[in-house]
Amino acid sequence: MADGSAIEWTDATWNPVTGCTKVSQGCDNCYAERFSERFRGVPDHPFSSGFDLTLRPERIEQPLKWRRPRMIFVNSMSDLFQKGVPFQFVDRIFDAMERADWHIFQILTKRSSLMRKYLITRYGKARGPRHIWCGVSIEDAQAKSRLAHLQNAPASMRFLSLEPLLGPLGSLDLTGIDWVIVGGESGPGARPIQIEWVRQIRDQCLRQGVAFFFKQWGGARPKTGGRALDDREWNEFPQYLAPQVAAAE
């Protein structure tokens, strides 16, 4: 668990699962894979197995030990809803999040249908806890089906991460969506983002009353292009924040 994060929209990261497999072109230049594979074969290193899927049960209780409220990005180095992660293990992670209700947990997946299935199984027709935010990653128009899966999932707080944004998304129905994050790709071989794509998303968020957060233009490094869009930074968060987290900000 990392207390502090370079990711602008969170405070900390928690990785009870690490490693993943690619599912779409948004995964092609995965930063987590690039980082993890640097340490493959290094004895006693947390990533000695590189980016192979690894369940880490010893980390499940970590959020319960952090008393100061934080926004916590869950599995920044993996995807909780990949097929190799048993739902019984996901249950243990959700049990810990429900107990640690002074934090806000931010879950992000590309396996949107599996997340929807899990949330329906766990919560039925009820809505999940408001301190557990559920989001999907969408990189281009071909991945927009993930939005519908999220809208049909019983989550109280729903968000989109449109990063790395690789093409125009066109019209977006943001019904039931609380927050949209947009960002360009960074790192070796970063694919360029176009300002028109970002403006179109921002304008739809403004019209539909959805909080908009512009993370970065991207480039060789995350900070290469800065974060300004039309002469300002967009740092909006959902209207709801747990009172104790908002006070800590």
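Yes or no, residue by residue, for (1) out of contact with any Gly (no Cβ under 7 Å at 6 or more places or on another chain); (2) more than 16 Å from Cys27 (Cα to Cα):
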site	(1), (2)
Glu163	no, no
Leu169	yes, yes
Ser186	no, no
Arg191	yes, no
Ile195	yes, yes
Gln200	yes, yes
Asp203	yes, yes
Ala211	yes, yes
*Restrict the check to the range 45-62 and report whether at least one residue is crowded, with 16+ Cβ neighbours inside 10 Å, touching a residue at least 60 places away in the same chain (Cβ under 8 Å) and out of contact with any Ser or Thr (no Cβ under 8 Å at 6 or more places or on another chain).*
yes
*Test Leu119 against the criterion of being in a helix (DSSP H, G or I), of a type outside the set (S, T, N, Q), in contact with a Gly (Cβ under 7 Å, 6 or more places away or on another chain) and closer than 22 Å to Leu147 by Cα, and give yes or no.*
yes
_Test for Ser113: is it hydroxyl-bearing (Ser, Thr, Tyr), surrounded by 15 or more Cβ atoms within 10 Å (Cβ to Cβ) and not in a helix (DSSP H, G or I)_ = no
_Regarding the range 101-113, can at least one residue be identified that is of a type outside the set (Gly, Ala, Ser) and more than 18 Å from the chain's Cα centre (by Cα)?_
yes
*What's the number of the condition Phe81 fails, among (1) outside any loop (DSSP other than H, G, I, E, B); (2) under 26 Å from Pro46 (Cα atoms); (3) under 13 Å from the mean Cα position of the chain (by Cα)?*
(1)
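Listed here are the residues, each with its yes/no results for (1) of a type in the set (D, E, K, R); (2) in contact with a Phe, Trp or Tyr (Cβ under 7 Å, 6 or more places away or on another chain); (3) over 29 Å from Cys30 (Cα atoms).
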{"residue": "Met97", "(1), (2), (3)": "no, yes, no"}
{"residue": "Trp102", "(1), (2), (3)": "no, no, yes"}
{"residue": "Phe105", "(1), (2), (3)": "no, yes, no"}
{"residue": "Lys110", "(1), (2), (3)": "yes, no, no"}
{"residue": "Met115", "(1), (2), (3)": "no, yes, no"}
{"residue": "Thr121", "(1), (2), (3)": "no, no, yes"}
{"residue": "Gly124", "(1), (2), (3)": "no, no, yes"}
{"residue": "Ile132", "(1), (2), (3)": "no, yes, no"}
*Residue check, Lys125 of a type in the set (Lys, Arg) and assigned to a helix (DSSP H, G or I)*: no
*Enumerate the pairs (first residue in the range 114-129 and at pLDDT 95 or above; second residue anywhere and part of a helix (DSSP H, G or I) and of a type in the set (D, E, K, R)) with beta-carbon separation below 7 Å, excluding pairs fewer than 6 apart on the same chain, so at least 6 apart or on different chains.*
Pro129/Glu98
*Any chance Ile107 is out of contact with any helix residue (DSSP H, G or I) (no Cβ under 9 Å at 6 or more places or on another chain), of a type in the set (Val, Ile, Thr), at negative phi and not in a loop (DSSP other than H, G, I, E, B)*: no
_Residue that is buried (at least 22 other Cβ atoms within 10 Å of the Cβ) and either among the small types (Gly, Ala, Ser) or part of a strand (DSSP E or B) (or both), where the choices are Thr18, Thr13_ = Thr18
*When both residues are 6+ apart or on different chains and their Cβ atoms are under 8 Å apart, which pairs have a first residue that lies in the range 83-101 and is β-branched (Val, Ile, Thr), and a second that is surrounded by 13 or more Cβ atoms within 10 Å (Cβ to Cβ) and in a helix (DSSP H, G or I)?*
Val90/Tyr118
*Tell me which of these Glu139 doesn't satisfy, since it passes every other one: (1) buried (at least 16 other Cβ atoms within 10 Å of the Cβ); (2) in contact with a Phe, Trp or Tyr (Cβ under 9 Å, 6 or more places away or on another chain).*
(2)
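The values are calculated or read from the model by the stated rules, or taken from the named source; none is laboratory data. Since this is a predicted model, take the numbers as computed values, not measurements. With ideal geometry, Cβ positions are generated from the backbone for all residues, glycine too; neighbour counts draw on all protein chains shown.
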